[in-house]
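Participant: My questions all concern the structure below.
The values are calculated or read from the model by the stated rules, or taken from the named source; none is laboratory data. Keep in mind the model is a prediction, meaning the values are calculated, not measured. With ideal geometry, Cβ positions are generated from the backbone for all residues, glycine too; neighbour counts draw on all protein chains shown.
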Amino acid sequence: MQAEFWRDFPILQEQIQGEPLVYLDNAATSQKPQMVLDALNQYYRTSNANVHRGVHSLAERATIAYEIARDKVADFIGANRKEIIFTKGATAGLNIVATWAERLLKPGDEVLISIMEHHANLIPWQQVCQRTGAKLVYVYLKDGQLDLADLKTKLNANTKFVSIAHVSNVLGCVNPVKEIADLAHQVGAYLVLDAAQSVGHIALNVADLACDFMVFSGHKMYAPTGIGVLYGRKSLLEQLPPVEFGGEMIASVSEQDASWAELPYKFEAGTPPIAEAIGLGAAIDYLNQIGLSKVTAHEANLIAYLLPKLQQIDGLTLYGPKDRQNRLGVFSFNLEGLHPHDVATALDYQGIAVRAGHHCAQPLMTYLGTNATVRASLACYNTKADCDRLISGIQATKEFFNGLI
(Lines give C-alpha, C1' and ligand atoms only; values in the text may rest on other atoms or scores of the structure.)
Protein backbone atom coordinates (compact mmCIF):
# COMPACT_ATOMS: atom_id res chain seq x y z
CA MET A 1 0.00 0.00 0.00
CA GLN A 2 1.35 3.41 -0.93
CA ALA A 3 2.02 6.07 1.68
CA GLU A 4 -0.65 8.74 1.51
CA PHE A 5 1.33 11.80 2.58
CA TRP A 6 -0.54 13.84 -0.04
CA ARG A 7 -3.54 14.06 2.27
CA ASP A 8 -1.51 16.42 4.50
CA PHE A 9 -1.02 19.03 1.73
CA PRO A 10 -4.11 21.16 1.04
CA ILE A 11 -2.89 22.58 -2.28
CA LEU A 12 -2.86 19.12 -3.81
CA GLN A 13 -6.65 19.25 -3.84
CA GLU A 14 -6.45 22.00 -6.50
CA GLN A 15 -7.43 21.47 -10.10
CA ILE A 16 -5.40 22.82 -13.02
CA GLN A 17 -7.06 23.23 -16.41
CA GLY A 18 -9.94 21.17 -15.01
CA GLU A 19 -7.63 18.29 -14.12
CA PRO A 20 -6.47 17.13 -10.67
CA LEU A 21 -3.08 18.67 -9.91
CA VAL A 22 -0.01 16.48 -10.24
CA TYR A 23 2.82 18.54 -8.77
CA LEU A 24 6.24 17.43 -10.05
CA ASP A 25 8.25 20.64 -9.66
CA ASN A 26 9.62 19.79 -6.22
CA ALA A 27 13.25 20.49 -7.10
CA ALA A 28 12.19 24.12 -7.51
CA THR A 29 10.02 24.30 -4.40
CA SER A 30 7.92 21.91 -2.37
CA GLN A 31 4.35 22.28 -1.19
CA LYS A 32 3.54 22.86 2.49
CA PRO A 33 1.71 20.49 4.82
CA GLN A 34 -1.13 21.66 7.03
CA MET A 35 1.19 21.44 10.03
CA VAL A 36 3.42 24.16 8.59
CA LEU A 37 0.48 26.34 7.55
CA ASP A 38 -0.92 26.03 11.07
CA ALA A 39 2.42 27.00 12.64
CA LEU A 40 2.61 30.18 10.54
CA ASN A 41 -0.98 31.08 11.37
CA GLN A 42 -0.44 30.40 15.08
CA TYR A 43 2.63 32.64 15.21
CA TYR A 44 0.92 35.59 13.54
CA ARG A 45 -2.28 35.14 15.53
CA THR A 46 -0.74 34.68 18.99
CA SER A 47 2.96 35.57 19.11
CA ASN A 48 3.80 38.17 16.48
CA ALA A 49 6.67 40.27 17.89
CA ASN A 50 10.33 40.87 17.25
CA VAL A 51 12.83 38.48 18.81
CA HIS A 52 15.60 39.02 21.36
CA ARG A 53 14.70 42.68 21.91
CA GLY A 54 11.66 42.89 24.15
CA VAL A 55 10.78 41.81 27.65
CA HIS A 56 7.05 41.79 27.04
CA SER A 57 5.18 38.51 26.75
CA LEU A 58 4.74 38.43 22.97
CA ALA A 59 8.46 39.10 22.42
CA GLU A 60 9.34 36.30 24.81
CA ARG A 61 6.97 33.91 23.03
CA ALA A 62 8.43 34.81 19.63
CA THR A 63 12.01 34.49 20.85
CA ILE A 64 11.38 31.10 22.42
CA ALA A 65 9.67 29.77 19.27
CA TYR A 66 12.46 31.13 17.04
CA GLU A 67 15.23 29.57 19.12
CA ILE A 68 13.37 26.27 19.43
CA ALA A 69 13.36 26.20 15.62
CA ARG A 70 17.15 26.55 15.69
CA ASP A 71 17.37 23.61 18.08
CA LYS A 72 15.20 21.52 15.76
CA VAL A 73 17.46 22.28 12.79
CA ALA A 74 20.57 21.44 14.82
CA ASP A 75 19.12 18.10 15.89
CA PHE A 76 17.93 17.37 12.34
CA ILE A 77 21.44 17.58 10.89
CA GLY A 78 23.48 16.55 13.94
CA ALA A 79 25.01 19.96 14.67
CA ASN A 80 25.54 22.26 17.63
CA ARG A 81 22.93 25.04 17.83
CA LYS A 82 25.70 27.67 17.68
CA GLU A 83 26.62 26.27 14.27
CA ILE A 84 23.17 27.01 12.80
CA ILE A 85 22.87 30.35 11.02
CA PHE A 86 19.44 31.31 9.72
CA THR A 87 19.63 32.90 6.26
CA LYS A 88 17.10 33.73 3.59
CA GLY A 89 18.12 30.65 1.59
CA ALA A 90 20.93 28.40 0.40
CA THR A 91 22.19 31.11 -1.95
CA ALA A 92 22.74 33.52 0.93
CA GLY A 93 24.68 30.89 2.85
CA LEU A 94 26.97 30.16 -0.09
CA ASN A 95 27.64 33.85 -0.52
CA ILE A 96 28.63 34.18 3.15
CA VAL A 97 31.19 31.39 2.75
CA ALA A 98 32.47 32.82 -0.54
CA THR A 99 32.91 36.25 1.07
CA TRP A 100 35.16 34.67 3.70
CA ALA A 101 37.01 32.69 1.02
CA GLU A 102 37.81 35.94 -0.76
CA ARG A 103 39.90 36.99 2.25
CA LEU A 104 41.91 33.77 2.09
CA LEU A 105 42.42 33.16 -1.61
CA LYS A 106 45.36 34.53 -3.58
CA PRO A 107 46.76 34.11 -7.11
CA GLY A 108 47.71 30.49 -7.71
CA ASP A 109 45.09 29.08 -5.35
CA GLU A 110 42.28 26.96 -6.73
CA VAL A 111 38.59 26.43 -6.03
CA LEU A 112 37.20 23.10 -7.22
CA ILE A 113 33.53 22.76 -8.20
CA SER A 114 31.65 20.46 -10.58
CA ILE A 115 30.09 21.21 -13.94
CA MET A 116 26.69 20.22 -12.48
CA GLU A 117 26.53 23.06 -9.95
CA HIS A 118 23.52 25.32 -9.62
CA HIS A 119 24.39 28.95 -10.37
CA ALA A 120 24.13 29.64 -6.62
CA ASN A 121 27.17 27.42 -6.09
CA LEU A 122 28.98 28.62 -9.18
CA ILE A 123 28.69 32.37 -9.61
CA PRO A 124 29.90 33.32 -6.09
CA TRP A 125 33.05 31.27 -6.67
CA GLN A 126 33.43 32.61 -10.18
CA GLN A 127 33.31 36.17 -8.85
CA VAL A 128 35.66 35.48 -5.95
CA CYS A 129 38.22 33.88 -8.25
CA GLN A 130 38.04 36.80 -10.66
CA ARG A 131 38.69 39.25 -7.81
CA THR A 132 41.50 37.29 -6.13
CA GLY A 133 43.31 35.77 -9.10
CA ALA A 134 42.51 32.27 -7.89
CA LYS A 135 41.60 29.63 -10.48
CA LEU A 136 38.15 28.06 -10.75
CA VAL A 137 38.55 24.38 -11.68
CA TYR A 138 35.72 22.13 -12.87
CA VAL A 139 35.18 18.42 -12.34
CA TYR A 140 33.26 16.79 -15.20
CA LEU A 141 30.95 13.80 -15.59
CA LYS A 142 31.09 10.11 -16.38
CA ASP A 143 27.97 8.05 -17.08
CA GLY A 144 25.69 10.90 -16.05
CA GLN A 145 27.29 11.53 -12.68
CA LEU A 146 30.39 13.02 -11.09
CA ASP A 147 33.66 11.63 -12.42
CA LEU A 148 35.47 10.89 -9.17
CA ALA A 149 38.68 10.01 -11.01
CA ASP A 150 38.64 13.47 -12.59
CA LEU A 151 38.17 15.02 -9.14
CA LYS A 152 41.11 13.07 -7.74
CA THR A 153 43.28 14.20 -10.63
CA LYS A 154 42.42 17.87 -10.15
CA LEU A 155 42.73 18.03 -6.37
CA ASN A 156 46.16 19.29 -5.36
CA ALA A 157 48.00 21.37 -2.80
CA ASN A 158 46.73 24.57 -4.42
CA THR A 159 43.08 23.57 -3.86
CA LYS A 160 41.72 25.65 -0.99
CA PHE A 161 37.95 25.06 -1.35
CA VAL A 162 35.89 22.24 -2.80
CA SER A 163 32.24 23.28 -3.20
CA ILE A 164 29.88 20.61 -4.44
CA ALA A 165 26.20 19.73 -4.65
CA HIS A 166 25.08 16.77 -2.59
CA VAL A 167 22.47 15.99 -5.25
CA SER A 168 22.32 17.56 -8.71
CA ASN A 169 19.17 19.58 -9.38
CA VAL A 170 19.34 18.43 -13.02
CA LEU A 171 20.86 14.94 -13.03
CA GLY A 172 19.49 13.66 -9.72
CA CYS A 173 22.79 11.92 -8.96
CA VAL A 174 23.96 11.65 -5.34
CA ASN A 175 27.58 12.66 -5.02
CA PRO A 176 29.90 10.65 -2.71
CA VAL A 177 30.32 13.44 -0.18
CA LYS A 178 32.16 11.51 2.53
CA GLU A 179 34.81 10.35 0.05
CA ILE A 180 35.10 13.84 -1.44
CA ALA A 181 35.47 15.32 2.07
CA ASP A 182 38.28 12.92 2.88
CA LEU A 183 40.08 13.73 -0.37
CA ALA A 184 39.63 17.48 0.14
CA HIS A 185 40.91 17.38 3.70
CA GLN A 186 43.97 15.37 2.63
CA VAL A 187 45.14 18.39 0.61
CA GLY A 188 44.07 20.89 3.28
CA ALA A 189 40.97 22.16 1.45
CA TYR A 190 37.61 23.06 2.98
CA LEU A 191 34.51 21.21 1.79
CA VAL A 192 31.37 23.28 1.18
CA LEU A 193 28.22 21.23 0.59
CA ASP A 194 25.08 22.44 -1.19
CA ALA A 195 22.39 20.18 0.29
CA ALA A 196 19.39 21.99 -1.21
CA GLN A 197 18.29 18.93 -3.20
CA SER A 198 18.98 16.28 -0.55
CA VAL A 199 17.47 17.84 2.58
CA GLY A 200 14.04 16.41 3.32
CA HIS A 201 14.65 13.39 1.08
CA ILE A 202 17.47 11.54 2.84
CA ALA A 203 19.03 11.77 6.29
CA LEU A 204 21.81 14.35 6.69
CA ASN A 205 24.38 14.32 9.48
CA VAL A 206 27.16 16.85 9.21
CA ALA A 207 29.55 14.72 11.26
CA ASP A 208 29.05 11.71 9.00
CA LEU A 209 29.33 13.85 5.87
CA ALA A 210 32.48 15.51 7.27
CA CYS A 211 31.66 18.80 5.53
CA ASP A 212 33.09 22.07 6.81
CA PHE A 213 30.06 24.08 5.67
CA MET A 214 26.62 23.06 4.47
CA VAL A 215 23.70 25.08 3.14
CA PHE A 216 20.08 24.32 2.36
CA SER A 217 16.77 26.10 1.79
CA GLY A 218 13.61 25.52 3.79
CA HIS A 219 11.23 25.86 0.86
CA LYS A 220 12.52 22.67 -0.77
CA MET A 221 11.73 20.65 2.38
CA TYR A 222 8.09 21.66 2.97
CA ALA A 223 8.92 24.87 4.88
CA PRO A 224 8.12 28.46 3.82
CA THR A 225 10.15 30.47 1.34
CA GLY A 226 12.60 33.04 2.66
CA ILE A 227 14.35 30.78 5.17
CA GLY A 228 17.57 28.83 4.79
CA VAL A 229 20.38 27.46 6.88
CA LEU A 230 24.13 27.84 6.85
CA TYR A 231 25.89 25.23 8.94
CA GLY A 232 29.57 25.74 9.65
CA ARG A 233 32.05 24.15 11.99
CA LYS A 234 32.10 26.30 15.11
CA SER A 235 35.84 26.89 14.87
CA LEU A 236 35.43 28.16 11.31
CA LEU A 237 32.37 30.31 11.98
CA GLU A 238 34.32 32.05 14.71
CA GLN A 239 36.86 33.06 12.05
CA LEU A 240 34.26 34.29 9.55
CA PRO A 241 33.51 38.01 9.68
CA PRO A 242 29.90 39.18 9.48
CA VAL A 243 28.74 40.16 6.01
CA GLU A 244 25.76 42.25 7.12
CA PHE A 245 25.82 44.87 9.83
CA GLY A 246 23.15 46.49 11.97
CA GLY A 247 20.98 45.60 14.89
CA GLU A 248 21.08 42.30 16.75
CA MET A 249 24.51 41.21 15.51
CA ILE A 250 26.51 43.43 17.88
CA ALA A 251 27.85 43.07 21.40
CA SER A 252 28.60 46.75 21.84
CA VAL A 253 28.82 49.92 19.74
CA SER A 254 30.72 53.15 20.29
CA GLU A 255 30.92 56.18 18.01
CA GLN A 256 33.91 54.78 16.12
CA ASP A 257 33.89 51.04 16.75
CA ALA A 258 31.76 47.96 17.36
CA SER A 259 32.19 44.38 18.54
CA TRP A 260 30.17 41.41 17.39
CA ALA A 261 27.73 39.18 19.20
CA GLU A 262 28.60 35.56 19.82
CA LEU A 263 27.60 32.75 17.48
CA PRO A 264 25.22 32.41 15.81
CA TYR A 265 23.90 35.94 16.20
CA LYS A 266 26.79 37.82 14.61
CA PHE A 267 25.51 36.56 11.23
CA GLU A 268 21.85 37.47 11.81
CA ALA A 269 21.68 41.24 11.43
CA GLY A 270 18.33 42.96 11.64
CA THR A 271 14.94 41.39 12.11
CA PRO A 272 15.32 37.74 11.09
CA PRO A 273 12.76 35.62 9.21
CA ILE A 274 10.93 34.73 12.42
CA ALA A 275 7.75 33.19 11.07
CA GLU A 276 9.69 31.41 8.35
CA ALA A 277 12.11 29.88 10.88
CA ILE A 278 9.15 28.70 12.96
CA GLY A 279 7.68 27.23 9.78
CA LEU A 280 10.97 25.44 9.12
CA GLY A 281 10.80 23.98 12.60
CA ALA A 282 7.27 22.77 11.88
CA ALA A 283 8.43 21.16 8.62
CA ILE A 284 11.08 19.28 10.58
CA ASP A 285 8.40 18.23 13.06
CA TYR A 286 6.36 16.92 10.14
CA LEU A 287 9.26 14.91 8.72
CA ASN A 288 10.13 13.54 12.15
CA GLN A 289 6.50 12.66 12.83
CA ILE A 290 6.10 10.55 9.71
CA GLY A 291 9.72 9.38 9.77
CA LEU A 292 12.35 10.53 7.30
CA SER A 293 13.34 6.92 6.66
CA LYS A 294 9.75 6.26 5.55
CA VAL A 295 9.93 9.24 3.19
CA THR A 296 13.23 7.97 1.75
CA ALA A 297 11.83 4.48 1.21
CA HIS A 298 8.63 5.82 -0.38
CA GLU A 299 10.55 8.00 -2.82
CA ALA A 300 12.94 5.14 -3.63
CA ASN A 301 9.93 3.02 -4.62
CA LEU A 302 8.68 5.81 -6.87
CA ILE A 303 12.11 6.18 -8.49
CA ALA A 304 12.23 2.44 -9.20
CA TYR A 305 8.73 2.67 -10.68
CA LEU A 306 9.16 5.78 -12.82
CA LEU A 307 12.70 5.43 -14.15
CA PRO A 308 12.14 2.40 -16.43
CA LYS A 309 8.87 3.86 -17.71
CA LEU A 310 10.67 7.03 -18.82
CA GLN A 311 13.45 4.99 -20.41
CA GLN A 312 10.92 3.03 -22.48
CA ILE A 313 9.50 6.12 -24.22
CA ASP A 314 10.74 6.36 -27.82
CA GLY A 315 12.52 9.62 -28.58
CA LEU A 316 13.04 10.54 -24.91
CA THR A 317 16.59 11.41 -23.83
CA LEU A 318 17.07 11.07 -20.07
CA TYR A 319 20.01 12.81 -18.42
CA GLY A 320 21.81 11.55 -15.33
CA PRO A 321 22.39 8.02 -13.97
CA LYS A 322 20.68 5.33 -15.99
CA ASP A 323 19.84 3.11 -13.01
CA ARG A 324 18.08 3.82 -9.74
CA GLN A 325 21.21 3.39 -7.64
CA ASN A 326 22.93 6.57 -6.56
CA ARG A 327 20.09 8.87 -7.61
CA LEU A 328 17.17 10.73 -6.11
CA GLY A 329 13.87 11.63 -7.72
CA VAL A 330 15.00 14.31 -10.20
CA PHE A 331 14.43 13.36 -13.85
CA SER A 332 15.56 15.73 -16.60
CA PHE A 333 14.71 14.77 -20.17
CA ASN A 334 14.01 15.98 -23.66
CA LEU A 335 11.64 14.71 -26.32
CA GLU A 336 13.05 14.49 -29.82
CA GLY A 337 11.99 17.41 -31.99
CA LEU A 338 10.11 19.26 -29.21
CA HIS A 339 11.16 22.32 -27.23
CA PRO A 340 11.09 21.73 -23.46
CA HIS A 341 8.81 24.73 -22.96
CA ASP A 342 6.27 23.25 -25.38
CA VAL A 343 6.38 19.94 -23.52
CA ALA A 344 5.94 21.63 -20.12
CA THR A 345 3.05 23.71 -21.44
CA ALA A 346 1.35 20.66 -22.90
CA LEU A 347 1.73 18.83 -19.60
CA ASP A 348 0.28 21.81 -17.74
CA TYR A 349 -2.84 21.59 -19.91
CA GLN A 350 -3.17 18.09 -18.48
CA GLY A 351 -2.78 19.30 -14.88
CA ILE A 352 0.85 18.18 -14.56
CA ALA A 353 3.34 20.72 -13.18
CA VAL A 354 6.96 20.23 -14.29
CA ARG A 355 9.83 22.62 -14.91
CA ALA A 356 11.40 23.48 -18.26
CA GLY A 357 14.52 25.55 -18.84
CA HIS A 358 18.20 25.51 -17.93
CA HIS A 359 17.42 25.06 -14.20
CA CYS A 360 20.03 27.64 -13.19
CA ALA A 361 22.72 25.32 -14.53
CA GLN A 362 23.72 26.77 -17.89
CA PRO A 363 27.30 25.42 -17.92
CA LEU A 364 25.86 21.93 -17.38
CA MET A 365 23.39 22.43 -20.23
CA THR A 366 26.27 23.44 -22.50
CA TYR A 367 28.23 20.38 -21.40
CA LEU A 368 25.22 18.14 -22.14
CA GLY A 369 24.81 19.72 -25.55
CA THR A 370 21.38 21.21 -25.01
CA ASN A 371 19.88 24.59 -24.13
CA ALA A 372 17.20 23.31 -21.77
CA THR A 373 15.43 20.23 -20.49
CA VAL A 374 12.10 19.22 -19.02
CA ARG A 375 12.44 18.29 -15.34
CA ALA A 376 10.05 16.22 -13.23
CA SER A 377 10.98 15.92 -9.57
CA LEU A 378 9.44 13.92 -6.75
CA ALA A 379 8.49 14.59 -3.14
CA CYS A 380 6.96 12.51 -0.37
CA TYR A 381 3.39 13.31 -1.43
CA ASN A 382 3.79 11.99 -4.96
CA THR A 383 2.32 8.61 -5.84
CA LYS A 384 2.56 5.93 -8.50
CA ALA A 385 -0.64 7.38 -9.91
CA ASP A 386 1.22 10.69 -10.37
CA CYS A 387 3.98 8.83 -12.19
CA ASP A 388 1.41 7.17 -14.45
CA ARG A 389 -0.15 10.57 -15.19
CA LEU A 390 3.28 11.90 -16.17
CA ILE A 391 3.96 8.98 -18.52
CA SER A 392 0.53 9.20 -20.16
CA GLY A 393 0.93 12.97 -20.36
CA ILE A 394 4.24 12.64 -22.19
CA GLN A 395 2.73 10.13 -24.61
CA ALA A 396 -0.25 12.42 -25.24
CA THR A 397 2.11 15.34 -25.83
CA LYS A 398 4.06 13.34 -28.39
CA GLU A 399 0.90 12.33 -30.20
CA PHE A 400 -0.42 15.88 -30.24
CA PHE A 401 2.71 17.43 -31.71
CA ASN A 402 3.23 14.56 -34.15
CA GLY A 403 -0.28 15.22 -35.41
CA LEU A 404 0.73 18.79 -36.25
CA ILE A 405 3.70 17.76 -38.36
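Participant: Restricting attention to region 232-255, does a residue exist that is closer than 29 Å to Gln31 by Cβ, outside any strand (DSSP E or B), among the β-branched types (Val, Ile, Thr) and out of contact with any Lys or Arg (no Cβ under 9 Å at 6 or more places or on another chain)?
Facilitator: no
Participant: Scan region 52-86 for residues that are more than 28 Å from Asp212 (Cβ to Cβ), surrounded by 13 or more Cβ atoms within 10 Å (Cβ to Cβ) and among the hydrophobic types (A, V, I, L, M, F, W, C) and jot them down.
Facilitator: Across region 52-86, the qualifying residues are Leu58, Ala59, Ala62, Ala65.
Participant: Here's something else I'd like to know. Looking at region 326-347 only, could you name the residues that are closer than 25 Å to His298 by Cα and not basic (Lys, Arg)? Working first, answer last.
Facilitator: Just the residues of region 326-347 that are closer than 25 Å to His298 by Cα, to begin with: 326-333, 347.
Asn326, Leu328, Gly329, Val330, Phe331, Ser332, Phe333, Leu347, listed by residue number.
Participant: Which residue out of Val330, Val354 is farther than 13 Å from Leu171 by Cβ, crowded, with 19+ Cβ neighbours inside 10 Å, modelled with pLDDT of 95 or more and not small (Gly, Ala, Ser)?
Facilitator: Details: Val330 fails: farther than 13 Å from Leu171 by Cβ.
After ruling out the rest, the residue left standing is Val354.
Participant: Do the conditions hold for Asp143, that is, is it surrounded by fewer than 16 Cβ atoms within 10 Å (Cβ to Cβ) and closer than 23 Å to Phe333 by Cα?
Facilitator: In short, yes.
Participant: Could you please give the count of residues in region 15-50 that are buried (at least 16 other Cβ atoms within 10 Å of the Cβ) and more than 27 Å from the chain's Cα centre (by Cα)?
Facilitator: 3
This table checks each residue for (1) more than 30 Å from Asn382 (Cα to Cα); (2) among the small types (Gly, Ala, Ser); (3) crowded, with 21+ Cβ neighbours inside 10 Å.
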| position | (1), (2), (3) |
| --- | --- |
| Val170 | no, no, yes |
| Pro176 | no, no, no |
| Ala181 | yes, yes, yes |
| Gln186 | yes, no, no |
| Leu191 | yes, no, yes |
| Val206 | no, no, yes |
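Participant: OK, next. Across region 201-225, what is the total count of residues that are farther than 16 Å from Ala79 by Cα and in contact with a strand residue (DSSP E or B) (Cβ under 9 Å, 6 or more places away or on another chain)?
Facilitator: 7
Participant: If Pro321 satisfies all but one of (1) outside the structural domain of Asn48 (by TED's automatic domain parsing); (2) touching a Lys or Arg at 6+ places or on another chain (Cβ under 6 Å); (3) more than 30 Å from Lys398 (Cβ to Cβ), what's the number of the condition it fails?
Facilitator: Answer for Pro321: the failing condition is (3).
Participant: What single numbered condition from (1) in contact with a helix residue (DSSP H, G or I) (Cβ under 7 Å, 6 or more places away or on another chain); (2) outside any strand (DSSP E or B); (3) on the phi < 0 side of the Ramachandran plot fails to hold for Tyr222?
Facilitator: Only one criterion is unmet by Tyr222, namely (3).
Participant: Right, here's the next one. Taking only region 263-289 into account, find how many residues are of a type in the set (A, V, I, L, M, F, W, C) and either at pLDDT below 95 or closer than 24 Å to Glu248 by Cα (or both).
Facilitator: Going through region 263-289 one residue at a time, the tally reaches 8.
Participant: Taking region 357-405, which residues are surrounded by fewer than 18 Cβ atoms within 10 Å (Cβ to Cβ) and of a type in the set (S, T, N, Q)?
Facilitator: Residues satisfying the conditions are Gln362, Thr366, Thr370, Asn371, Ser392, Gln395, Asn402.
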